Amino acid sequence: MAHGTRINGAAYGVTGGKCLVGGTAYSIKKGRTLIGGTGYDINLNSYDPVLNNNTWEQIAEAAQNGLAESVWNVGDTKEITISGSIPTGKTSWGQPQTIDISGTYLCYILGFNHNADLEGANRIHFQLARSTAGKELCFYASVMSNEFGTAGGWESSLLRNEILGTSLTNNSGTFLGALPADLRAVMRTAQKYSDNGSGNYGSVSATTDYLWIPAEKEVFGTVTEGTSGQGEYQAQYAYYAAGGSTIRYGHNDTRDREREWWLRSRADAVSFCYVDDAGNVANEVSSETFGLAPVFCV
């Protein structure tokens with residue numbers, strides 16, 4: 001609900017204000033009013049209903065004030081420029097290989113307040129990437145780990161720690177470091193649950209992540225390939241529950257070819273889950289090279 005006032009008979013929209021508490025000025029961002037005995041929220045912030053027309057600061061503010069879902073929709077997109085060389089975990093003739101990313105892509109809303117009781121409230125979860133022409137992409141290609149086996153799961157994986165990165169400040173040569181500074185300034189962590197144990201069936205625990213890849217249940221809504229137990233702490237993203245495509249193409253592929261992309265779910269002692277080129281869940285050894293479709297939240 002918008003709010004307005006009249007000055008000398010002219011109507012003006014109220015989009016903000018200040019109040020004094022103990023001599024200190026505070027911004028007024030929202031409030032309540034009574035109409036016919038019913039209470040209504042008053043939104044004093046002004047956000048463009050076209051997601052891409054808002055700054056990352058505005059988008060993060062709307063999320064933290066609990067207003068985002070009333071302005072935007074799951075699947076809405078925002079342009080993002082990514083520039084950097086990301087390690088793949090593979091080497092060629094003793095030299096590290098990289099994924100070179102340079103261009104403008106679309107990120108899109110996966111869900112509002114996703115699994116909020118466990119992962120954190122008042123957040124918008126976004127996924128990368130889509131081309132500006134509308135094609136679903138993954139950044140191709142990277143290993144999950146160079147080590148044989150999956151002990152330690154997502155938490156200990158090379159993909160999490162050295163390829164995507166876990167720090168907003170110490171991120172040179174990682175995917176986090178290739179993201180624009182205005183986005184990194186408002187990124188928030190999520191508590192992501194995964195099987196981070198050892199053996200065929202390990203224990204489920206949380207990691208604190210700025211950037212991650214989805215789990216099997218978060219995409220498909222069930223756990224069929226992953227180890228038992230981890231799905232109890234996860235929820236399907238609204239984007240995929242509504243029929244969002246699971247088929248992706250390589251960001252650097254000129255042959256228009258469907259590509260496999262990693263999921264963070266352990267399948268067994270040697271394999272992680274991934275999405276195959278037909279869009280179905282499967283599993284493969286952690287040293288295989290597949291695409292990345294990272295997720296973050298603000």
(request) Run Ile163 past the list (1) touching a strand residue (DSSP E or B) at 6+ places or on another chain (Cβ under 6 Å); (2) buried (at least 24 other Cβ atoms within 10 Å of the Cβ); (3) farther than 25 Å from Gly84 by Cβ and report the number of the one that doesn't hold. (result) (3)
(request) Could you list, in sequence order, all residues of segment 229-256 that are surrounded by fewer than 24 Cβ atoms within 10 Å (Cβ to Cβ), farther than 17 Å from Arg130 by Cβ and not hydrophobic (A, V, I, L, M, F, W, C)? (result) Gly229, Gly231, Glu232, Tyr233, Gln236, Thr254, Arg255
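Test Val223 against the stated conditions and say whether it is surrounded by fewer than 24 Cβ atoms within 10 Å (Cβ to Cβ), closer than 25 Å to Cys138 by Cβ and in contact (Cβ under 8 Å) with a residue 24 or more places away in the chain.
Values: surrounded by fewer than 24 Cβ atoms within 10 Å (Cβ to Cβ): yes; closer than 25 Å to Cys138 by Cβ: yes; in contact (Cβ under 8 Å) with a residue 24 or more places away in the chain: yes.
For Val223, the condition - surrounded by fewer than 24 Cβ atoms within 10 Å (Cβ to Cβ), closer than 25 Å to Cys138 by Cβ and in contact (Cβ under 8 Å) with a residue 24 or more places away in the chain - is met.
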(message) So for segment 104-114 (the condition being buried (at least 19 other Cβ atoms within 10 Å of the Cβ), over 29 Å from Asn52 (Cβ atoms), in the same structural domain as Gly199 (by TED's automatic domain parsing) and β-branched (Val, Ile, Thr)), does at least one residue qualify?
(response) no
(request) Can you tell me which residue among Leu110, Leu106, Leu168, Leu118 is closer than 18 Å to Leu263 by Cα and either at pLDDT 95 or above or not small (Gly, Ala, Ser) (or both)? (result) Leu110
(message) Tally up the residues in segment 177-217 that are in a helix (DSSP H, G or I) and either more than 16 Å from Cys107 (Cβ to Cβ) or over 13 Å from the mean Cα position of the chain (by Cα) (or both), please.
(response) 6
(request) Hey, can you tell me all the residues within segment 257-266 that are surrounded by 15 or more Cβ atoms within 10 Å (Cβ to Cβ) and among the charged types (D, E, K, R)? (result) Glu258, Arg259, Glu260, Arg264, Arg266
(message) Of everything in segment 235-257, what is assigned to a strand (DSSP E or B) and touching a Gly at 6+ places or on another chain (Cβ under 8 Å)? Give them in sequence order.
(response) Arg248, Gly250
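The values are calculated or read from the model by the stated rules, or taken from the named source; none is laboratory data. Since this is a predicted model, take the numbers as computed values, not measurements. Every residue, glycine as well, gets a Cβ built from its backbone with ideal geometry; the counts of neighbours run over all protein chains shown.
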